[in-house]
Amino acid sequence: MNTFEKIVYALQADMETPATFGLWHIISFVLMIGLCVLLLWRFGNASDKTLRYILLITWGVVFLAEVYKQIVFSFDFDGTTASWSYTWYAFPFQFCSTPLYALPLAAFLKEGKVRSAVLTFLSTFSLFAGLAVMIYPNDVFISLIGINVQTMLHHGSQVVIGVLIAYHERHRIGKRQFLHGVTVFAAFALIAMVLNIAMHYIHLAHGIDATFNMFFISPFHDCTLPVLSIFYPLLPYPLFLICYLIGFSLVAALIYGIQYIIIKKAAAKKA
C-alpha cells in the first residue's frame, strides 16, 4: 500500500455494529436535540447573513464527511492486496443526500422565491428524511466507526438545520410557500430518475453489474425503504412512483403543518 492507502485503511477502524435504540443511537439522538436547542437559543433570531454562514459551515462539514465516506467505501484491503472499486449504491444523490446540493444554494442564492423554496425544502422534506433515520436507523449502521459517525452527523444535521430554518424563517410560513418547497423536491426526484435510467444503460453498455437506485425510485431495482418496500412488488411501477411522491409530500406537509400551528400559537401568546 502507498501512504494514502495506509491512511484510508487506518480510517476504516472497526467497531461492533451499533443497534437501533442502542447506546450509540441514543447518544447521537440526544446530541442532536441538544444542538437544536443551542442553535435556536443562540441563532433563532440571527440576521440572514449569519444564517447563510451557518448553512455554509454545515455544508462544509457534511461535504467533507461525504468525501470520507466515498473514499472509504471504494477502498478494500484483504490483508495482502489493496484495491479500489467504486460502490455505486453509495453514489451521493439519495433523498438524504440532497442537503449536499441544497445547502450551498440556500447559502449563496440571492433573496427571492427560489432561495425561499430551497429553505422550505430544507425545513420540511430534508428535515423529515433526517428525522426518519435518526428515529429508526435500521441498516445505516455498519461495523466502521467513521461511517457510523458520518451517518449520524449527516442525518442529525438535517434535523438541526431544518428546525433552525423553520424558526428563523417563521414569518414566511404559509400554504403557497410549502408548494414552492414541493417543486424543489420534484426537481430532485426528476434528477434522480434521469440518473437512474442513464446509469442503468451505461452500466449495461460497459458490462457493470451494480445497484444504482437513487431516491429508491429506479424502475430497474426494488425499493428497499421501510413501508414502501411492502408496496413496491404489489403495485405497477407508475402507481408506485405516484404513491412515493405523494406520500413523501404528505409527510412533509404534516411537518409544515405542525410548524405552522406552533408558530401561530406562539405569535398569539405574544399578542
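The values are calculated or read from the model by the stated rules, or taken from the named source; none is laboratory data. Given the structure is predicted, the values throughout are model-derived calculations rather than measurements. When we count neighbours, we look across all protein chains shown, and the Cβ atoms used for this are built from the backbone with ideal geometry, even at glycine. Protein only, heavy atoms only, side chains kept; ligands, DNA and RNA dropped before computing areas. Shrake-Rupley method; radii C 1.70, N 1.55, O 1.52, S 1.80 Å.
Just the residues that are within 27 Å of I71 (Cβ to Cβ) and either without any contact (Cβ under 8 Å) to a residue 12 or more places away in the chain or over 21 Å from the mean Cα position of the chain (by Cα) (or both), please, taken from the stretch 23-35.
I27, the sole residue that qualifies.
Determine, yes or no, whether F121 is part of a helix (DSSP H, G or I) and surrounded by 23 or more Cβ atoms within 10 Å (Cβ to Cβ).
On the way: part of a helix (DSSP H, G or I): yes; surrounded by 23 or more Cβ atoms within 10 Å (Cβ to Cβ): yes.
Taking the combined requirement at face value, the residue satisfies it.
Taking the stretch 124-150 as the region of interest, how many residues are open to solvent by 10 Å² or more (accessible area, probe 1.4 Å), within 28 Å of F178 (Cβ to Cβ) and in a helix (DSSP H, G or I)?
6
List the pairs whose first member sits in the stretch 146-175 and is over 26 Å from G257 (Cα atoms), whose second member is aliphatic (A, V, I, L, M) and crowded, with 21+ Cβ neighbours inside 10 Å, and whose Cβ atoms are under 6 Å apart, counting only residues at least 6 apart or on separate chains?
Going by the 6 Å Cβ cut-off, there are no qualifying pairs.
Which one is most open to solvent (accessible area, probe 1.4 Å) among residues in the stretch 74-101 that are more than 20 Å from L225 (Cβ to Cβ) and part of a helix (DSSP H, G or I)?
Just the residues of the stretch 74-101 that are more than 20 Å from L225 (Cβ to Cβ), to begin with: 74-86, 101.
In the following step, the residues that additionally are part of a helix (DSSP H, G or I) were identified as 74, 101.
Details: S74: 16, Y101: 80 Å².
Only one residue fits best here, namely Y101.
Here are the criteria: (1) closer than 21 Å to L103 by Cβ; (2) under 17 Å from the mean Cα position of the chain (by Cα); (3) at pLDDT 95 or above. Tell me which single one L195 does not satisfy.
All conditions are met except number (2).
Confirm whether I246 is open to solvent by 20 Å² or more (accessible area, probe 1.4 Å), modelled with pLDDT under 95 and assigned to a helix (DSSP H, G or I).
Numbers: open to solvent by 20 Å² or more (accessible area, probe 1.4 Å): yes; modelled with pLDDT under 95: no; assigned to a helix (DSSP H, G or I): yes.
No; evaluated as a whole, the condition is false for this residue.
Looking at the stretch 1-33, which of its residues are hydroxyl-bearing (S, T, Y) and either open to solvent by 80 Å² or more (accessible area, probe 1.4 Å) or closer than 15 Å to L153 by Cβ (or both)? Spell out the reasoning first.
Our first condition is that a residue be hydroxyl-bearing (S, T, Y); within the stretch 1-33, this holds for 3, 9, 17, 20, 28.
Passing the criteria: T3, Y9, S28.
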